[in-house]
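Student: Okay, here's the structure, questions in a sec.
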Amino acid sequence: MGSNRRCEMAAVGARLLRDRERVLVGVGMPNLAANLAKRLHAPDLVLVYESGVIDAYPPELPLSIGDPDLVRTSLCVLPIADLFSQYLQTGWIDVGFLGGAQVDRRGNLNSTVIGPYDRPKVRLAGSGGAADVASFARRTVVLIPHDLHRFPAHLDFVTSPGHPPGTRRAGGPAHVVTDLGLLDFDSEGEMRLIGVYPGVTVSEVRERTGWPLRVASEVQVLTPPSSDEVAVYRALAKGKEAPIG
Amino acid sequence: MDVLTVREAVRRHVEDGQNLYLAGFTHLIPFAFGHEIIRQGRRHLTLSRATPDLLYDQMIAAGVADRVVFSYAGNPGIGLLQAFRRAVQAGEVEVEEYSHFELIARLEAGAAGLPFWPLRALDNDLTRLRARPRVKSPYGDEDVAVVPPLCPDVTLLHAHCADEDGNVYAWGLLGEVREAALAARKVLVSVEEIRPAGSLRNQRDHLVLPGFRVESISVEPWAAHPSYVQDVYDRDQDFYLEWDRISRDPAATSAWLERFVYDIVDRAAYLSLWPPERLSRLREAARIGVQ
């Protein structure tokens, strides 16, 4: 994926975060997009990392969620047990900002295995806190590149639960940001295309999705990154090979 | 409580077949203990840890483990743990897998001496594979999921300092260190430095464990490298990137283990293999906050 598409993805992801919200930030692209929001329209966004770090404002993009720079700039660092049981489980996290290897039409995420669990073709890192964040955050936003492998008709494994069959649950996936556009979930909890970047067509998105994708009656063309968004993105991404997802 | 070298602590207290928890979430990872366990040739271990990190990748590559209990087996911010991934794909190690919340809840049950710990998390394929039970609240209609206790035979950890009575002090990101220690039968601790008995009483807010809960203290500066000790030395990010490259190649992984683990006698010898400028840069970064 080119750096322009990465920048568009980060900008669209960042715009979904509102000032003063508490966002639990995953590694990779979510980390980049949340730090972008914090530096632009959401200066009082509270960045929370599953390592227990509350309200970090790192001078540079942290490599891991447990970096010394995150700790140095934080309001506090909680024991992980406290963060998960007393803050996340009780609904104090507004947004879970997640990556993943695969997402399906219900917003279920797989970050565990490709192939059978007992003898995987590719063994991935596993849940970490993602299954818990998907359970408890008031909404989740997923940032993931858009291709047939990552948008399959059937997931090999459900690591982080999305919307149950046929219904939309309270909380759960609200948006999916990809390198083609922006998707949300309709009242039945089914993923739906609502926006594309300039130059991307709806049929291209459909071709790169592993099921017959629902499309909103009006698909907006997403506003390209502003000069401020581009400048901050470049400063953050400089020298980093931030993996996506 | 004894003051022992890392070698002696492992020789006396770590046995084949045990369930070990080498604690520390990104921060304070006890690499010196892990390398010593490899050198002493322990086998058939169950390695428990929320985030296996590079340390368990190295221990798995060295063949010490039969089983890994974990919740996130990645190289944080970089990618996957390649030796772990190869071993799992080849069926060489068994995995027992949780979400972070579930794994930490297991430690809380262990630390509190309770038969289970409740949590509200939704089901996923992991909980379905494991048939995670639920219990009904005796105080209402709710039912909640439960997980069983995790009680390591030995928890090993690294901390900033201890006093001569074995009281252990650390600060910064503590992750699940306290729960992992209190759930264990024995706790072995390495520290950057040791101070006279009673001299750290004014640091009580940083106390991690009282000495009566500790089996041994080992004074081992840099024991957490390439992870970090807040305010003492920063995380060696370059090595986390280098390991991604090394660990993709089984031969390069073995060569690294020969040079940095098997061929040396102790941590001082390990440190002599790194350019002094690199280590002083990590120390400086911890002091002023850039790297």
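The values are calculated or read from the model by the stated rules, or taken from the named source; none is laboratory data. Computed from a predicted model, the values in this text were never measured in an experiment. Note that we place each Cβ from the backbone using ideal geometry, even for glycine, and neighbour counts take in every protein chain shown.
Student: Hey, among B:GLU96, B:GLU108, which residue is outside any strand (DSSP E or B) and within 12 Å of chain A (Cβ to nearest Cβ)?
Tutor: B:GLU108
Student: Here is a follow-up. Out of A:LEU63, A:LEU32, A:LEU24, A:LEU70, which single residue is farther than 18 Å from B:GLY175 by Cβ and among the aliphatic types (A, V, I, L, M)?
Tutor: A:LEU32
For every residue, the table says whether it meets (1) within 14 Å of chain A (Cβ to nearest Cβ); (2) within 20 Å of B:ALA62 (Cα to Cα); (3) part of a loop (DSSP other than H, G, I, E, B).
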| residue | (1), (2), (3) |
| --- | --- |
| B:ARG178 | yes, no, no |
| B:LEU188 | no, no, no |
| B:GLU193 | no, no, no |
| B:TRP222 | no, no, yes |
| B:PHE239 | yes, yes, no |
| B:ALA255 | no, yes, no |
| B:TRP274 | no, no, yes |
| B:LEU279 | no, no, no |
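Student: Which is surrounded by 20 or more Cβ atoms within 10 Å (Cβ to Cβ), on the phi < 0 side of the Ramachandran plot and not in a helix (DSSP H, G or I), of B:ILE217, B:ILE264?
Tutor: Numbers: B:ILE264 fails: surrounded by 20 or more Cβ atoms within 10 Å (Cβ to Cβ).
None of the others qualify; the one that does is B:ILE217.
Student: Also, quick follow-up: Filtering region B:119-132 down to residues that are at the interface with chain A (Cβ under 8 Å from one of its Cβ atoms) and in a helix (DSSP H, G or I), which residue is surrounded by the fewest Cβ atoms within 10 Å (Cβ to Cβ)?
Tutor: Quick first cut of region B:119-132, residues at the interface with chain A (Cβ under 8 Å from one of its Cβ atoms) only: B:119-126, B:129.
If we keep only those that are in a helix (DSSP H, G or I) too, we end up with B:125-126, B:129.
Numbers: B:ASP125: 21, B:LEU126: 21, B:LEU129: 12.
Looking at residues that are at the interface with chain A (Cβ under 8 Å from one of its Cβ atoms) and in a helix (DSSP H, G or I), I get B:LEU129.
Student: Additional query: Looking at (1) within 12 Å of chain A (Cβ to nearest Cβ); (2) surrounded by fewer than 19 Cβ atoms within 10 Å (Cβ to Cβ), which one does B:LEU54 not meet, given that it meets all the others?
Tutor: It fails just one condition, (2).
Student: Let me ask something else. Scan (1) closer than 30 Å to B:GLU97 by Cβ; (2) touching a Pro at 6+ places or on another chain (Cβ under 9 Å) for the single condition A:PRO198 breaks and write down its number.
Tutor: Looking at each condition in turn, A:PRO198 falls short on (1).
Student: Mind listing whichever residues of region A:109-162 are surrounded by fewer than 19 Cβ atoms within 10 Å (Cβ to Cβ), more than 8 Å from every other protein chain (Cβ to nearest Cβ), of a type in the set (D, E, K, R) and more than 27 Å from A:ALA81 (Cβ to Cβ)?
Tutor: Of everything in region A:109-162, those that are surrounded by fewer than 19 Cβ atoms within 10 Å (Cβ to Cβ), more than 8 Å from every other protein chain (Cβ to nearest Cβ), of a type in the set (D, E, K, R) and more than 27 Å from A:ALA81 (Cβ to Cβ) turn out to be A:ASP118, A:ASP147.
Student: Among the numbered criteria (1) touching a residue at least 24 places away in the same chain (Cβ under 8 Å); (2) within 14 Å of another protein chain (Cβ to nearest Cβ); (3) not in a helix (DSSP H, G or I), which one does B:THR46 miss?
Tutor: Of (1) touching a residue at least 24 places away in the same chain (Cβ under 8 Å); (2) within 14 Å of another protein chain (Cβ to nearest Cβ); (3) not in a helix (DSSP H, G or I), only one is false for B:THR46: (2).
Student: Taking region B:195-208 on its own, how many of its residues are part of a loop (DSSP other than H, G, I, E, B) and either within 19 Å of B:ALA9 (Cβ to Cβ) or among the hydrophobic types (A, V, I, L, M, F, W, C) (or both)?
Tutor: 2
Student: Testing B:PHE116 on (1) buried (at least 21 other Cβ atoms within 10 Å of the Cβ); (2) more than 7 Å from every other protein chain (Cβ to nearest Cβ); (3) among the aromatic types (Phe, Trp, Tyr), one condition comes back false. Which one is that?
Tutor: B:PHE116 satisfies every listed condition except (1).
Student: Okay, moving on. What helices (runs of 4 or more DSSP H) lie completely within region A:1-118 and have 3 or more residues being free of Cβ contacts under 8 Å to residues at least 24 places away in the same chain and of a type outside the set (Asp, Glu)?
Tutor: Numbers: elements: A:3-15, A:29-39, A:68-72.
Answer list for region A:1-118: A:68-72.
Student: Right, here's the next one. Identify, by number, the condition in (1) closer than 29 Å to B:ARG195 by Cα; (2) surrounded by 13 or more Cβ atoms within 10 Å (Cβ to Cβ) that B:ALA269 doesn't meet.
Tutor: Tallying (1) closer than 29 Å to B:ARG195 by Cα; (2) surrounded by 13 or more Cβ atoms within 10 Å (Cβ to Cβ), B:ALA269 fails exactly one: (2).
Student: If a residue must be within 12 Å of another protein chain (Cβ to nearest Cβ) and not in a loop (DSSP other than H, G, I, E, B), how many such residues does region B:61-86 contain?
Tutor: Final tally of qualifying residues: 12.
Student: Let me ask you something else. Could you list all residues from region A:37-60 that are within 11 Å of chain B (Cβ to nearest Cβ), buried (at least 20 other Cβ atoms within 10 Å of the Cβ) and farther than 13 Å from B:LEU173 by Cβ?
Tutor: Across region A:37-60, the qualifying residue is only A:PRO58.
Student: Scan region A:172-187 and give yes if some residue there is within 14 Å of another protein chain (Cβ to nearest Cβ), in contact (Cβ under 8 Å) with a residue 40 or more places away in the chain, of a type outside the set (D, E, K, R) and closer than 20 Å to A:VAL141 by Cα, otherwise no.
Tutor: yes
Student: What is the residue count in region B:241-252 for residues that are surrounded by fewer than 21 Cβ atoms within 10 Å (Cβ to Cβ) and touching a residue at least 24 places away in the same chain (Cβ under 8 Å)?
Tutor: Going through region B:241-252 one residue at a time, the tally reaches 4.
Student: Something else now. Looking at A:ASP82, is it within 11 Å of another protein chain (Cβ to nearest Cβ), surrounded by fewer than 23 Cβ atoms within 10 Å (Cβ to Cβ) and more than 13 Å from the chain's Cα centre (by Cα)? Reasoning before the result, please.
Tutor: On the way: within 11 Å of another protein chain (Cβ to nearest Cβ): yes; surrounded by fewer than 23 Cβ atoms within 10 Å (Cβ to Cβ): yes; more than 13 Å from the chain's Cα centre (by Cα): yes.
Taking the combined requirement at face value, the residue satisfies it.
Student: Based on this model, can you work out whether B:THR155 counts as β-branched (Val, Ile, Thr) and either more than 14 Å from the chain's Cα centre (by Cα) or at pLDDT below 95 (or both)?
Tutor: Taking the combined requirement at face value, the residue does not satisfy it.
Student: Do we have any residue at all in region A:119-133 that's over 20 Å from A:ALA34 (Cα atoms), in contact with a Ser or Thr (Cβ under 9 Å, 6 or more places away or on another chain), outside any strand (DSSP E or B) and aliphatic (A, V, I, L, M)?
Tutor: Yes, because at least one residue in region A:119-133 is over 20 Å from A:ALA34 (Cα atoms), in contact with a Ser or Thr (Cβ under 9 Å, 6 or more places away or on another chain), outside any strand (DSSP E or B) and aliphatic (A, V, I, L, M).
Student: B:VAL135 passes all but one of (1) surrounded by 15 or more Cβ atoms within 10 Å (Cβ to Cβ); (2) part of a strand (DSSP E or B); which number fails?
Tutor: All conditions are met except number (1).
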